[in-house]
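**Q** Take this structure first; my questions come after.
The values are calculated or read from the model by the stated rules, or taken from the named source; none is laboratory data. Bear in mind that the values here come from a model prediction, so they are computed numbers and not experimental data. Cβ coordinates were reconstructed from backbone atoms using ideal geometry, including for glycine residues, and neighbour counts include every protein chain displayed.
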Number of protein chains: 2
Amino acid sequence: MPNLDKFFSPRSVAVIGASRNPRKPGHVIFRNFIEGSFRGKVYPINPNADEILGHRTYPTVLSVKGRIDLAVIAVPAPLVPPILRQCGKKRVKHAIIISGGFRETGNEELENECIEIARKHKMRIIGPNCVGVYDPYTGTDTFFFPRFKLERPSAGSISLVSQSGALGSVMLDWMAMKNYRIAKFISYGNASDINESDIIEYLSSDRKTKVICLYLEGAKEGRRLYETIKKATRKKPVIAIKAGKTDDGKLSVRSHTGSLAGSPEIYSAAFRQAGTIEAETPEELFDFARVLSTQPKPKGKRVQIITNGGGLGVLAADSLSRNNLLLSRMSSRTLAKLESKMPKQVVIGNPTDLTGDATTERYADALAAAMSDPYVDMVMMICLFQLPSLTADIVETITEFGKRRKKPLVLVSAGGRFSEVLKKPIEDHGIPTFSYPDAAAKALKALYEYHNSD
Amino acid sequence: MPNLDKFFSPRSVAVIGASRNPRKPGHVIFRNFIEGSFRGKVYPINPNADEILGHRTYPTVLSVKGRIDLAVIAVPAPLVPPILRQCGKKRVKHAIIISGGFRETGNEELENECIEIARKHKMRIIGPNCVGVYDPYTGTDTFFFPRFKLERPSAGSISLVSQSGALGSVMLDWMAMKNYRIAKFISYGNASDINESDIIEYLSSDRKTKVICLYLEGAKEGRRLYETIKKATRKKPVIAIKAGKTDDGKLSVRSHTGSLAGSPEIYSAAFRQAGTIEAETPEELFDFARVLSTQPKPKGKRVQIITNGGGLGVLAADSLSRNNLLLSRMSSRTLAKLESKMPKQVVIGNPTDLTGDATTERYADALAAAMSDPYVDMVMMICLFQLPSLTADIVETITEFGKRRKKPLVLVSAGGRFSEVLKKPIEDHGIPTFSYPDAAAKALKALYEYHNSD
């Protein structure tokens, strides 16, 4: 198994092609290293400038005295081979080639030349034609996007591997806005050396990664990918968007990454057999990942709905049913206990409708009942925070139940800014939050299927 | 056809049950009338207070000198009949009964009594057990939610009719956050007098309403609803979420609004036959509505994808294909023209991938080509605003094309806050914006099907 640690936790980084021009990728990458939370050494490499952003530059890596763990290369494609030779001489063992203009534009020879140089020097390479890596724990960030345009999510337990650099990047930006968190991100571009299988193998042993998310258009080594995923899913969930699944999509894959997308049917079957959870959209990918990275194994597929809005309860029942989950039926003992505690207007059953004047106490009682009832496997709590009878202490109550991790629990809360403010601490405490029931139901289905697939 | 104008544009409103206690619905409703954009007269009715929020109160409507167009009633259920009698005496012809505690809790008699009083006085009633109406054009707003908790969307052309008051309300809050706009909103509760068919009939002739959105659990008069929708869809699209479509959902409808949800299959078939566009989730409902309220009729189902991110292009091709739309093939003339204008790395075809260094000019050329090519019916433009080669003038370019309304155009732009800021003016100019291609493809499908259903 390749050890990719140095790509994510280098102690020293050389940014080759660091430029004074703020529009150049090399400038943005260097700036992000020095202005972010990265704590290692950063060397800007540029033979045509003395200093960049107040930092002394070096004409080549060879003029750097200290060790260089990682080289980030952002220079025009034809300059990459000589740069790699210098890196080899300097005993740099890890390089990320951001530059494009290799196999994806027909320049196979240039790419092969790079690989030969790397092999000779036992150097491992991510790229070319990629955006590289992002690790919020170490501050390693090779994105050539300024942070004001493309925000970075904070540290979490979901890792994302993307064949497409641009899509991967904007997904991170979107995650940051949604307050979703990430462990590691890799865009591997042309996969000239390190490919999707290497990365999945590495992440399957990575302690910070609880769930692996993939965006794949095609694979370099189909059989190995299948075996790698199969092994990985025994340790942790692998969720994938397989792009190019339709004939039209397949054709567009060819003109994008040049991968052979393969027969959609064969891919889907192989993915499923390997234990991958398939997502159709980026939203689904992270919905599934948020639930799978935080929630315990459910014993079965019986879901209890608790709501303070009848309409959302009905939508939830419909959605669970469409996703082949069951509505739980609590024991008569639980029902009797709840009846003794609840006012007359409350509908005890499934959905349990605490009605529009539900208080935090009513929610606490209903949640406690569902969590201890033997016929309930998972809980979907729906809460309209806008209703006047609810005060902000509902947030603590929900997070308390979530922390105990007795049974899977998700929260559906529809609304605008006020609801989002209350949902944030709940999401932060590891209880996945949703706007409407359908997405929550699909994610619970993914959770159930992962734990009950073999 | 019932004239419901006075419910949305009353010149004078009596808030009956206006209270000094900020937690009471009557207080919040009164406050929203006086603090919002409503320009008519507002009379707080409360026999136990002299003034509320600095306004002189009246013990009953009978002590008000001027005419009262609309009474908004928020008092305990048993007090409603005598209040209605006073309203009758005062010749109030329109009343919204917010109060619950009628048929939905078994009090059929009390509800019937109210109806009898209303009939006797030729008074039309919305409710009871509802949140009433919201009209951003007149500022009429009977929601008992403070605006800081539940924001209101600004004025637009989508109307929403919701059998569930709570769900309808939080959908509006969510719309406000998403910058979606609304024409009129009605939650009709128990539909003791005015029901879903009356409202759809009214909205189908309402000039401000371009699309009617429905959340329905069941119908009072099934046959009439069918005929009403059938007539309405000839004038404008009707998009509906039919809740209680599954057996589990159906059971929960019974305990929520007490409607008979009817056989899911029969409903679906009747809906489709009547020309309704069905949505599964609130997100879909408004995605469809945004496209149908702003985009012209497409000639066919051939969609051109224009992107600056290859991965999103592939996802778009997959999504269009899954939704039975076709990828257009531009004429050889158009292709040749584009080839002469574009740099080598651009992939001209479908998707047309302008690649990561796409400029505003490149987008303008590609959009112009697709808009005039005879083999293109609709355009899905994908734009990653975060890429360094794009400047903010891309926003004007897109809105210019959108304004001409030559062919349906939607924008997909994934990302976080920076992208959202640029998407806002585009959405405001009537070009629907999406985060990922799948939702956009589903909405284009709905647009195509509405215009090609008969």
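**Q** Among the numbered conditions (1) in a helix (DSSP H, G or I); (2) under 25 Å from B:D5 (Cβ atoms); (3) of a type outside the set (S, T, Y), tell me where B:A270 comes up short.
**A** Checking B:A270 against (1) in a helix (DSSP H, G or I); (2) under 25 Å from B:D5 (Cβ atoms); (3) of a type outside the set (S, T, Y), the one that fails is (2).
**Q** Any residue in the stretch A:239-247 that is more than 8 Å from chain B (Cβ to nearest Cβ) and part of a loop (DSSP other than H, G, I, E, B)?
**A** Scanning the stretch A:239-247, I find no residue that is more than 8 Å from chain B (Cβ to nearest Cβ) and part of a loop (DSSP other than H, G, I, E, B), so the answer is no.
**Q** Restricting attention to the stretch B:279-294, and to residues there that are outside any loop (DSSP other than H, G, I, E, B) and either polar (S, T, N, Q) or within 23 Å of B:L384 (Cβ to Cβ) (or both), which single residue is nearest to the other protein chains (Cβ to nearest Cβ)?
**A** Taking the candidates together, the pick is B:E283.
**Q** Out of the stretch A:134-160, which residues are among the charged types (D, E, K, R) and over 14 Å from the mean Cα position of the chain (by Cα)?
**A** A:D141, A:R147, A:K149, A:E151
**Q** Look through the stretch B:382-409, keep the residues that are of a type in the set (D, E, K, R) and out of contact with any Gly (no Cβ under 9 Å at 6 or more places or on another chain), and return whichever of them is surrounded by the fewest Cβ atoms within 10 Å (Cβ to Cβ).
**A** Among residues in the stretch B:382-409 that are of a type in the set (D, E, K, R) and out of contact with any Gly (no Cβ under 9 Å at 6 or more places or on another chain), the one surrounded by the fewest Cβ atoms within 10 Å (Cβ to Cβ) is B:R404.
**Q** Sticking with this one: So A:V347 passes all but one of these: (1) among the β-branched types (V, I, T); (2) touching a residue at least 60 places away in the same chain (Cβ under 8 Å); (3) within 27 Å of B:V253 (Cα to Cα). Which condition number does it fail?
**A** (2)
**Q** Taking A:F434, is it of a type outside the set (K, R) and at pLDDT 95 or above?
**A** Yes; evaluated as a whole, the condition is true for this residue.
**Q** Show me the helices (runs of 4 or more DSSP H) found entirely inside the stretch A:305-386 where at least 3 residues are within 29 Å of the chain's Cα centre (by Cα) and of a type outside the set (D, E).
**A** Hits in the stretch A:305-386: A:310-322.
**Q** I would also like to ask the following. Hey, any hits in the stretch B:230-239 for a residue that's in the same structural domain as B:S162 (by TED's automatic domain parsing) and closer than 28 Å to A:L320 by Cβ?
**A** yes
Residues checked against (1) closer than 27 Å to A:E108 by Cα; (2) without any contact (Cβ under 8 Å) to a residue 60 or more places away in the chain:
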{"site": "A:E217", "(1), (2)": "yes, yes"}
{"site": "A:G244", "(1), (2)": "yes, yes"}
{"site": "A:A270", "(1), (2)": "no, yes"}
{"site": "A:G275", "(1), (2)": "no, no"}
{"site": "A:E278", "(1), (2)": "no, yes"}
{"site": "A:T281", "(1), (2)": "no, yes"}
{"site": "A:V291", "(1), (2)": "no, no"}
{"site": "A:K299", "(1), (2)": "no, no"}
{"site": "A:V303", "(1), (2)": "no, no"}
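**Q** A further question follows. Condition first: surrounded by fewer than 21 Cβ atoms within 10 Å (Cβ to Cβ) and out of contact with any Cys (no Cβ under 8 Å at 6 or more places or on another chain). Can you find one or more residues in the stretch A:373-381 that meet it?
**A** Yes; the residues of the stretch A:373-381 include at least one that is surrounded by fewer than 21 Cβ atoms within 10 Å (Cβ to Cβ) and out of contact with any Cys (no Cβ under 8 Å at 6 or more places or on another chain).
**Q** Is there a residue being within 19 Å of A:G40 (Cα to Cα), part of a loop (DSSP other than H, G, I, E, B) and not small (G, A, S) anywhere in the stretch A:121-136?
**A** yes
**Q** For the list (1) surrounded by 24 or more Cβ atoms within 10 Å (Cβ to Cβ); (2) within 14 Å of chain A (Cβ to nearest Cβ); (3) assigned to a helix (DSSP H, G or I), I need the number of the one condition that B:F145 fails.
**A** (3)
**Q** Name the residues in the stretch A:393-416 that are part of a loop (DSSP other than H, G, I, E, B), over 22 Å from the mean Cα position of the chain (by Cα) and more than 10 Å from chain B (Cβ to nearest Cβ), would you?
**A** A:D393, A:K406, A:K407
**Q** Here are A:L84, A:L62, A:L70: which of them is at pLDDT 95 or above and surrounded by fewer than 20 Cβ atoms within 10 Å (Cβ to Cβ)?
**A** Unique residue meeting the criteria: A:L62.
**Q** Do you know which residues across the stretch B:417-438 are among the hydroxyl-bearing types (S, T, Y) and either touching a residue at least 60 places away in the same chain (Cβ under 8 Å) or more than 13 Å from chain A (Cβ to nearest Cβ) (or both)?
**A** B:T433, B:Y436 - these are the residues of the stretch B:417-438 that are among the hydroxyl-bearing types (S, T, Y) and either touching a residue at least 60 places away in the same chain (Cβ under 8 Å) or more than 13 Å from chain A (Cβ to nearest Cβ) (or both).
**Q** Would you call A:A370 within 14 Å of another protein chain (Cβ to nearest Cβ), among the small types (G, A, S) and surrounded by 15 or more Cβ atoms within 10 Å (Cβ to Cβ)?
**A** Answer is no for this residue.
**Q** Here are some conditions: (1) over 22 Å from B:G165 (Cα atoms); (2) within 14 Å of chain B (Cβ to nearest Cβ); (3) surrounded by fewer than 24 Cβ atoms within 10 Å (Cβ to Cβ); (4) touching a helix residue (DSSP H, G or I) at 6+ places or on another chain (Cβ under 8 Å). A:A441 meets all but one. Which one does it not meet?
**A** The one condition A:A441 does not meet is (3).
**Q** Picking from B:A414, B:A392, B:A441, B:A364, which residue would you name as being under 16 Å from B:V303 (Cβ atoms) and either in contact with a strand residue (DSSP E or B) (Cβ under 8 Å, 6 or more places away or on another chain) or outside the structural domain of B:F286 (by TED's automatic domain parsing) (or both)?
**A** B:A441
**Q** Determine, yes or no, whether B:L390 is within 14 Å of chain A (Cβ to nearest Cβ) and either under 15 Å from B:P351 (Cα atoms) or out of contact with any Pro (no Cβ under 8 Å at 6 or more places or on another chain) (or both).
**A** Taking the combined requirement at face value, the residue satisfies it.
**Q** Could you go through the stretch A:190-199 and let me know if any residue there is surrounded by fewer than 22 Cβ atoms within 10 Å (Cβ to Cβ), of a type in the set (S, T, N, Q) and more than 14 Å from chain B (Cβ to nearest Cβ).
**A** Taking every residue of the stretch A:190-199 in turn, at least one turns out to be surrounded by fewer than 22 Cβ atoms within 10 Å (Cβ to Cβ), of a type in the set (S, T, N, Q) and more than 14 Å from chain B (Cβ to nearest Cβ).
**Q** Scanning the stretch B:295-345 for residues that are surrounded by fewer than 16 Cβ atoms within 10 Å (Cβ to Cβ) and polar (S, T, N, Q), which turns out nearest to the other protein chains (Cβ to nearest Cβ)?
**A** Only one residue fits best here, namely B:Q345.
**Q** Here's a follow-up. Condition (residue is in a helix (DSSP H, G or I), in contact with a strand residue (DSSP E or B) (Cβ under 9 Å, 6 or more places away or on another chain), more than 27 Å from A:A77 (Cα to Cα) and within 14 Å of chain B (Cβ to nearest Cβ)) applied to the stretch A:155-175: is it met by at least one residue?
**A** Within the stretch A:155-175, one or more residues are in a helix (DSSP H, G or I), in contact with a strand residue (DSSP E or B) (Cβ under 9 Å, 6 or more places away or on another chain), more than 27 Å from A:A77 (Cα to Cα) and within 14 Å of chain B (Cβ to nearest Cβ).
**Q** Across the stretch B:54-70, what is the total count of residues that are within 21 Å of B:T138 (Cβ to Cβ), in contact with a helix residue (DSSP H, G or I) (Cβ under 9 Å, 6 or more places away or on another chain) and assigned to a loop (DSSP other than H, G, I, E, B)?
**A** Residues in the stretch B:54-70 being within 21 Å of B:T138 (Cβ to Cβ), in contact with a helix residue (DSSP H, G or I) (Cβ under 9 Å, 6 or more places away or on another chain) and assigned to a loop (DSSP other than H, G, I, E, B): 2 in total.
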